[in-house]
Structures are given as structure tokens and as C-alpha cells.
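Report on one structure; see the data block that follows.
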Amino acid sequence: MRANAIDTKGPTSLLFKSPWGFGKTLAAASFALSGPTYLAYWDKKKPVELKTYFSKFGAKGRTILDNLEYDVFGAHNAGKYLDKIISMIDDCRYTAFITDSVTNLTSGAVNWSLGFDAKGKPQPKRADNPQMIIPDWDEYKTETSLASQSLDLCRTLPCHIIWTAHPVPGIKLEGSGSSMRVTKVNSIVTYGSKVAGIVPGQFTEIYQFIKTADYSTSPVSIRYKCSTEAVGDDYAKTALGLPQELDFTDRLFYEVWLEALQQVEEETKKENTDELKPELVSTVQPSINPFANRPTNQKKWNPEKGDYE
């Protein structure tokens with residue numbers, strides 16, 4: 001494969017992150033405007049916010065709700081999430097596949113693994129036995145394995161891959177004794193540390209969702225935006241050349257994102273066109289020989305006569 005054949009307009013991978021309530025799920029679900037979309041929902045009992053929010057957008061909202069298919073996952077059926085991805089490898093009928101969220105996916109994976117014994121056989125959970133409800137190294141391995149396998153398989157799907165994450169406040173201890181350092185961190189997973197380091201590197205686009213107050217309106221309104229560049233400890237990036245900030249207040253995120261992408265493409269085409277325009281140059285090409293560019297009808301020097309003729 002050659003780099004000049006890379007399609008920047010095709011399916012890509014996106015990671016949406018922020019605290020709860022910043023519009024990540026709604027932004028991801030808006031991709032259903034482009035076609036059938038699957039939502040693997042890990043966060044709550046059911047995504048009620050989808051119906052209440054998209055009902056405000058008329059025909060477009062109804063299209064999104066009609067195109068959106070979802071299943072709820074948790075500790076009771078974490079393995080079926082991986083089965084769903086595997087089933088899509090040879091038969092993917094979606095334009096976007098959403099995992100909401102990796103934060104609860106990791107906790108669901110750990111809690112799911114507690115339901116099996118050391119030989120992989122199902123065992124009933126009992127609260128009176130601490131060994132059966134406290135995660136061990138094997139449970140953390142399950143978390144890492146489920147997340148890494150899911151990411152690896154998602155890369156093979158011919159559709160947009162969208163994962164969301166809710167950073168969880170925590171502390172990081174380094175060193176010991178008087179040299180111990182305590183650092184505040186915001187991990188995108190609930191258990192372990194490997195998955196938090198693996199996930200970001202698997203995505204082309206990483207957006208940090210933010211909310212700001214608009215004091216120019218009465219009453220004060222909230223604006224929903226996402227940043228494509230890192231701000232402080234909140235990392236973000238774009239490989240598609242999108243602007244630093246996208247404002248999708250009272251709009252469908254997918255439309256805002258698509259408009260920004262199309263604008264980048266138009267600017268790129270314009271730059272390429274300008275580069276291909278022929279520049280006005282002199283018809284007489286410069287040469288070291290001062291006689292090289294004389295007109296063909298000019299007299300030639302005759303050394304015998306010592307004159308031009």
C-alpha cells in the first residue's frame with residue numbers, strides 16, 4: 001500500500017472523553033444520521049437520553065433513532081460484547097460502531113470474571129466470601145484482554161469506531177519513603193493501569209468534550225463543545241486537520257463534524273490547485289552562455305572577416 005492512497009474521508013476511529021453529562025453519548029449516536037449504527041451500552045440501565053434529545057430534531061432525529069440499534073452490557077454478559085464484534089468481522093452492516101463507555105467496560109469485565117473459577121467454570125458469587133468478590137491479578141488480566149482484543153478487532157471493521165470514556169479521579173504513588181511522590185491523575189478506566197495506556201493510541205481522533213457558560217444570553221445558557229487539541233492535562237488530538245474547537249450547541253454533532261471535515265478538504269484542494277497553476281516565466285531561459293538565447297535570425301560572427309554577417 002502507498003501513503004498517497006490513504007482515504008481521509010473514509011471510516012475513522014474516534015475517542016470521546018469528558019466527565020458524565022457533557023454530551024458524548026449524544027454526539028456519538030448522531031453518527032446514525034449517516035446510516036445504521038450499533039451502540040454497545042455499558043453505562044446505565046438504558047440510554048433514555050437518546051429519545052428525549054433526538055426528538056427535538058424532527059425528521060433527522062427520527063432517522064437517527066430508526067438507524068440506531070443498541071444492547072446493554074455489564075458484568076452479566078461482558079463476553080457477549082466480544083462475540084458481537086467477532087460476528088461483525090465478516091458481516092458488518094453498520095456505518096458506525098459505538099462503545100459507551102470503556103470506563104464501565106473495564107469494571108464490567110473485572111466483575112464478569114469474578115463469576116468463574118480458576119478453571120474457567122461458572123461459579124455463584126457470594127458476598128460472605130471475600131475471596132469471591134475482591135478482584136485478583138487474574139481479573140485484571142481479563143480486563144486487559146477484553147479491552148485489547150476488542151480494540152484489535154474493531155480496527156478490522158469497515159465503519160466508524162467510536163469509544164467514549166469518563167475519566168475517573170485517582171492518585172498515583174511513585175517511589176517510597178521520603179522520596180515518595182503523590183500525583184493526582186484522571187484515568188479513563190476503573191481498574192488497572194494497562195488499558196488506560198493502551199486505548200488512546202488506538203484512535204486517530206481524540207476529542208475532549210467541554211461545557212462553557214454563555215453570559216450573553218438571558219438566562220445564561222450552556223454551550224456544548226469539544227476540543228481537538230490538548231488543554232492542560234486533558235489530552236486531545238486530530239489527524240484530520242480539524243479546527244481547535246467544535247461547537248455543537250443545539251446542533252447534531254455529526255453535522256458539525258462533517259462540515260468541518262469538508263471545509264478542510266476544500267482548503268486542501270484549493271492549496272493543491274494553486275500549486276499546480278503554471279507560473280508566468282520569461283520565454284528566454286537564463287543561461288551561463290550570453291550568446292545562448294540570441295534570436296535565431298540574429299547575424300553570426302565571422303572570425304575571418306572580424307564582423308557579423
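The numbers here are math on the coordinates, done by the rules we state, and not lab data. All values derive from a computational prediction rather than experimental measurement. Backbone-built Cβ (ideal geometry, glycine too); neighbour counts: all protein chains shown.
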Query raised in the report: Structure shown: which of Lys60/Lys237; Lys60/Lys211; Lys9/Lys45; Lys84/Lys270 lie over 31 Å apart, alpha-carbon to alpha-carbon?
Result: Lys9/Lys45; Lys84/Lys270
Query raised in the report: Between Gln262 and Arg62, what FRET efficiency comes out of the Förster formula 1/(1 + (r/R0)^6) with R0 = 22 Å and r the beta carbon distance, rounded to 0.05?
Result: 0.35
Query raised in the report: Taking θ as phi - 60°, what are the ³J(HN,Hα) couplings along segment 57-70 by the Karplus curve (6.51, -1.76, 1.60), each to the nearest whole Hz, with x for Gly and Pro?
Result: 9, x, 4, 5, x, 5, 4, 4, 5, 5, 7, 8, 10, 9
Report task. Pull out the extension gain between Asp214 and Ile6, defined as 0.36 nm times the separation in residues minus the alpha carbon to alpha carbon distance; nm, one decimal. Result -> 70.9 nm
Query raised in the report: Loop-only check: which trypsin sites (Lys or Arg not before Pro) in segment 10-115 are DSSP coil with at most 10 other Cβ within 10 angstrom?
Result: Lys45, Arg93
Query raised in the report: Calculated FRET efficiency, Tyr235 and Ile89, Cβ-Cβ r, R0 22 Å, to nearest 0.05?
Result: 0.15
**Report entry** Residue order, fewest to most beta carbons within 10 Å, for Cys92, Cys226, Cys154
**Finding:** Cys92, Cys154, Cys226
Report task. In whole Hz, with x marking every Gly and Pro, tabulate ³J(HN,Hα) for segment 253-268 from phi via Karplus 6.51 cos²θ - 1.76 cosθ + 1.60, θ = phi - 60°. Result -> 4, 4, 5, 5, 5, 5, 4, 5, 5, 5, 5, 4, 5, 5, 5, 5
